[in-house]
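A short write-up of the structure that comes next.
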Amino acid sequence: MLQAVTRRLERAIHELHSLDPRDVSARLTLLLLVLYGPGYWDLSVPTVMLAAAGMTIPPLARQPYFWGALTLIQAVGVIPRVYVIDNHKVLMVYWCLALSLSMKSRALLAHHSRLLIGWCFLFAAYWKAVTPGFVDGSFLHFTMLTDTRFTGFAQIVAGIDAGVLDENRSALRSTVSGDVASARLLDSRFAGPLALSMTLWTLVSEVLIAVTFLLSKWIRLARNLRHVVLAQFVCFTYPVATVVGFGWLLTIMGYAQTGRMEGRSRIVFLGLFLAMQLFLVPWERLVLGK
Amino acid sequence: MHLSRQQLARFSRAQRRSLQRFLPVSLLVGVALLHHWLVIKDGLTQWKGGGFGMFSTVDSGGTRAISVFAKCGEWNFRVSIPADLRGRRSLAKRLPSEEIVQLMLKDLSRRVWVVERYHAVPRRQTQLGPLDSLYLSHDDLVSAGRGAGRIEEWRPDSTAVPSYVIPVRFEAEVYRLEYDISARTIRRTLHSSYSRPGERLEIMAELAGLPLSQLARNLAPCCKP
């Protein structure tokens, strides 16, 4: 019985290893576009229609012109909104373009994935490093106390009461609207040190991702480390900041740039892609019963 | 220098190959550099604009605010932005450049305004009716406007409440949020302010075929009680 299960598992893993990253990346990207695509109807309607067609007729999703059409739709919708839309929606445009250019070459897809991840994290690390309010821990402290996406983490790990978070958000609204000139936020004794350690970890992780992905072609250590640093970043970032759309895009690009001999990394990225849905579970309600 | 057909073909193949290899990342870097320039020049929020500066500062679109005031004689009104301009306001909050804020003010300055609420101290409840075209005695004057906006009375000590308003000047103020971690305090600070003369009177004069000075005299004061 156990042997049969092990054999099946081994066969499944072998099949996963033998899948073409272009096929898997294309399918997962279509799912990403449907579930976490642009939130504007004029963009969503054609995107979902095309994505559904691509999922139903798999050979279609291997055609460069199919991805060219998706790129065009995304670009036409995103460009006029670039100053109000989230950055990962812009990254999706580059990713669709990369897919359209590299459907004929597996190596080219890996090349695009590495460069997009590397440069994206280089800019992300740069902005964090040059912003004094990030480096001193203020930003993550403020975010933990007010941002709804950090609710679960703030309650379970930082030990901040739900009522306190509500009060902070109300104080924030009053200050932004000008009803009061300033307001004091409430926190717990763990929030400060936690924010500072998260700040340090985020900065180091982002610099490492940028360096390892951009230098992986020339430096062996970077090549060997790149999957570990990206996977740990996804593992620790997205349960806290539940921006699953961005997390999914990173795992798809991470998966797409794995080499032939990097089967384990491929399975890790696929596992993270699936596990990320668990980050959307309202854990604070389940754990704390509130 | 003449290139043979073969050389030309080789050259275009090489170009196509490098385009294929570097187009997506070139776009990413180009947009991110433009974002950097706009952050410095026009105060674009680091969070938006394709520069990947999200989750680096408390100064996001959600923590910025833009307040618009309409000046008219000794009155100073707070303007509530009409629904059709919310997209423009949202953009102006995130990218408060002179051009974008002025574009929003221009649109506001061409409208006829009515008083929506009168803030009597300490109660803030008096709701005034919508625009009545009879005041203007010329249907075209109203229909030519791009819909009536709404205005909130600003001076709490006023007693005479105007019914409609033709502001002579509009002012916009963009606010940012600052967080002092040592004091655990958030504070709203003024980032920039912009102003633009009201254009409604000129539009009305043109439509009514009257000299501006005569219309201004007839409608003075610009806030009609």
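Read-outs: derived from the displayed coordinates by stated rules, not from any lab. These numbers come from a predicted model, not from an experiment. All Cβ positions, glycine included, derive from the backbone under ideal geometry; neighbour counts span all protein chains shown.
Brief remarks on what is shown
- Spin-label pair A:F236-A:L286: with each label point 7 Å from Cα along the Cα-Cβ axis, the two points sit 2.3 nm from one another.
- 3J(HN,Hα) along region B:38-46, derived from phi through the Karplus expression 6.51 cos²θ - 1.76 cosθ + 1.60 where θ = phi - 60°, amounts to 5, 4, 6, 6, 10, x, 4, 5, 4 Hz, with x in place of Gly and Pro.
- Inter-chain Cβ neighbour count for B:33-43, averaged per residue, equals 1 (cutoff 10 Å, partner chain atoms only).
- Spin-label pair A:R11-A:R184: with each label point 7 Å from Cα along the Cα-Cβ axis, the two points sit 6.7 nm from one another.
- Relative contact order, percent, chain A [alpha-carbon distance under 8 Å, six or more residues apart]: 20 percent
- Of the two radii for region B:1-57, the radius of gyration is 1.33 times the Kirkwood radius, both from the alpha carbons; that is the Rg over Rh value.
- The angle between the Cα long axis of helix A:106-130 and the longest principal axis of the Cα atoms of chain A comes to about 10 degrees, rounded to the nearest 10.
- With 29 Å as the limit on Cα-Cα distance, the pairs of B:K41/B:K106; A:K128/B:K106; A:K104/A:K128; B:K48/B:K106; B:K71/B:K93 that go past it are A:K128/B:K106; A:K104/A:K128.
- Ordering A:L270, A:T258, A:L203 by Cα displacement along the dipole of region A:189-290 toward the positive end leaves A:T258 in first place; charges were set at the Cβ atoms of Lys, Arg (+1) and Asp, Glu (-1).
- Inter-chain Cβ neighbour average for residues A:80-92, partner chain, 10 Å: 6
- Of B:W37, B:Q7, B:L19, farthest towards positive along the dipole that unit charges on Lys, Arg, Asp, Glu beta carbons give region B:1-49: B:Q7
- Think of chain A as a dipole: +1 on every Lys or Arg Cβ, -1 on every Asp or Glu Cβ, centred on the Cα centre; then among A:V229, A:V48, A:G159, A:V229 lies furthest on the positive end.
- Contour minus Cα-Cα distance for A:S197 and A:R220 (0.36 nm per residue): 5.4 nm
- Take the Cα of B:S192, step 7 Å toward its Cβ, do the same at A:L19, and the gap between the two points is 4.8 nm.
- For region B:22-66 versus region A:125-186, the inter-centroid distance based on Cα atoms is 21 Å.
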